[in-house]
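Reviewing the structure listed below.
The values are calculated or read from the model by the stated rules, or taken from the named source; none is laboratory data. Because the structure is predicted, anything quoted here is derived from the model rather than measured. With ideal geometry, Cβ positions are generated from the backbone for all residues, glycine too; neighbour counts draw on all protein chains shown. These area figures cover heavy atoms from the full protein model, side chains too; ligands, DNA and RNA do not enter into them. Shrake-Rupley method; radii C 1.70, N 1.55, O 1.52, S 1.80 Å.
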Amino acid sequence: MSVPLLKIGVVLSTMAMITNWMSQTLPSLVGLNTTKLAAAPGGIPDRSTGVLPANPEESWQVYSSAQDSEGRCICTVVAPQQTMCSRDARTKQLRQLLEKVQNMTQSIQVLDQRTQRDLQYVEKMEIQLRGLETKFRQVEESHKQNIAKQYKAIKAKMEELRPLIPVLEEYKADAKLVLQFKEEVQNLTSVLNELQEEMGAYDYEELQNRVSNLEERLRACMQKLACGKLTGISDPITIKTSGSRFGSWMTDPLAPEGDTRVWYMDGYHNNRFVREYKSMSDFMNSDNFTSHRLPHPWSGTGQVVYNGSIYFNKFQSHIIIKFDFKTSSISKSRQLDYAGFNNMYHYAWGGHSDIDLMVDEGGLWAVYATNQNAGNIVISKLNPNTLQIIKSWTTNHPKRSAGEAFMICGTLYVTNGYAGGTKVYYAFHTNSSTYEYIDIALQNKYSHISMLDYNPKDRALYAWNNGHQVLYNVTLFHVIRSEEL
């Protein structure tokens, strides 16, 4: 047997082994074989698989085996018949099984794809549900916090209103007292009418005493009604925008009825011209004014107009001057002893604001600082006619640390600054010579306050805020005790 024939035999033998394995072993591996192969008696062992073929004609057969002189193996091989029904049946069965496996594989792939899509959807829904759960938890916590905040705000408001209950009771008593005054006035009026008819029926001196007594009581009542403790400052009302960054403007708190003139002074030094506007309306809407020339330039922005005269600090001195507008002359001048001047003890914003003149329900005041009081604020009550000091109070507040200051009902109120966020935070009470720290917001709309004065007639604060003339309404808290009247 030649070498090529041997090679063909080996190849064919190998193919037979593979076919036999696919027909017998593969079905058993996938668990789908239903036919058990049996070895025929007298069969020839299959050297490839170790099993006996059922029919010798269905497999390759080796009839002889020998070696040549060179030691090579020489075999005689007979191939099986090409047409074998039994093998065709098993091949067809295996093919069907393989098709089923392929179909199952495709089904599994489709199912896997659907499962993956469902899993992605479930994961997405899980994320959304967790997000909703978090949002619901946040809403619940926010709702609880809002309720707590509202409860605290209501509780704080109730705490603020609770002290007003006894005050309202006192107001009721005050109302009865006013009615009593009214009845007494009516009685006196009727007595005077009768007295005109019957001369000599009453003692004039006794009647005059009764009238004077009633007048004093009424005046005391009105003064107590007008005065009180500062509890609030309104938002600013801008009246006009004019002038430089520094200046002062005011009205006369003792002006007669119908006199609404406005006085305007631009700058804080080296100026001596005062503008007079006929009314607040003229000041707001026009530039029609009368100019008054002072005999000396003023210093700072602490001037006041009071009872027809202007009071100002003479530039680079501690001299106070009273200038009468009617006569256009100095009616009085006096030195304010020991008071710092020429930017020695100014307000925090500077501007030669060493001496600040003020007016309230009690009269004329001067606020300044001295070396004797270590640069702290000194308050002096002045006689408006003679400019003599009636009484002085020393405080513990440094003048240079104050933004601005004003007097209301004998109490000096000091701001914590002049730029940016501003509030009234210090109060000195001259009636008791005591002080306290307070917290009253003051909206600094234009960021630089260089003048802040109280007008008891308007019950308002006049301010010069960075070239803007501004008004603030104030709220005063007062209690009238009947035993004091």
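Take the conditions assigned to a loop (DSSP other than H, G, I, E, B) and either touching a Lys or Arg at 6+ places or on another chain (Cβ under 7 Å) or at pLDDT 95 or above (or both) and apply them to residue 341. Does it pass? Taking the combined requirement at face value, the residue satisfies it. Of all residues in segment 374-427, those that are modelled with pLDDT under 95 and open to solvent by less than 10 Å² (accessible area, probe 1.4 Å) total 0. Within segment 382-397, the residues that satisfy the criterion of being under 42 Å from the mean Cα position of the chain (by Cα) and touching a residue at least 24 places away in the same chain (Cβ under 8 Å) are 393, 395, 396, 397. Listed conditions (1) closer than 30 Å to residue 374 by Cβ; (2) under 42 Å from the mean Cα position of the chain (by Cα) are all met by residue 334, apart from (2). Being under 23 Å from the mean Cα position of the chain (by Cα) and open to solvent by less than 60 Å² (accessible area, probe 1.4 Å), is that true of even one residue in segment 448-464? The answer is yes, given that some residue of segment 448-464 is under 23 Å from the mean Cα position of the chain (by Cα) and open to solvent by less than 60 Å² (accessible area, probe 1.4 Å).
Highlighted here are the strands (runs of 3 or more DSSP E) found entirely within segment 374-460 that include at least 1 residues which are among the charged types (D, E, K, R) and more than 22 Å from residue 267 (Cα to Cα): 376-382, 389-398, 422-429, 434-442. Consider residue 318 carefully, then state whether it is on the phi > 0 side of the Ramachandran plot, in contact with a Phe, Trp or Tyr (Cβ under 6 Å, 6 or more places away or on another chain) and either at pLDDT 95 or above or not basic (Lys, Arg) (or both). Criteria not met by residue 318. Residue count for segment 217-244 under the criterion of being modelled with pLDDT of 90 or more, over 29 Å from the mean Cα position of the chain (by Cα) and among the charged types (D, E, K, R): the result is 1. Among residues of segment 238-283 being within 23 Å of residue 356 (Cβ to Cβ) and of a type in the set (A, V, I, L, M), the one that is most open to solvent (accessible area, probe 1.4 Å) is 254. Considering segment 311-329, the residues that are closer than 18 Å to residue 264 by Cβ and part of a loop (DSSP other than H, G, I, E, B) include one that is most open to solvent (accessible area, probe 1.4 Å), namely 328.
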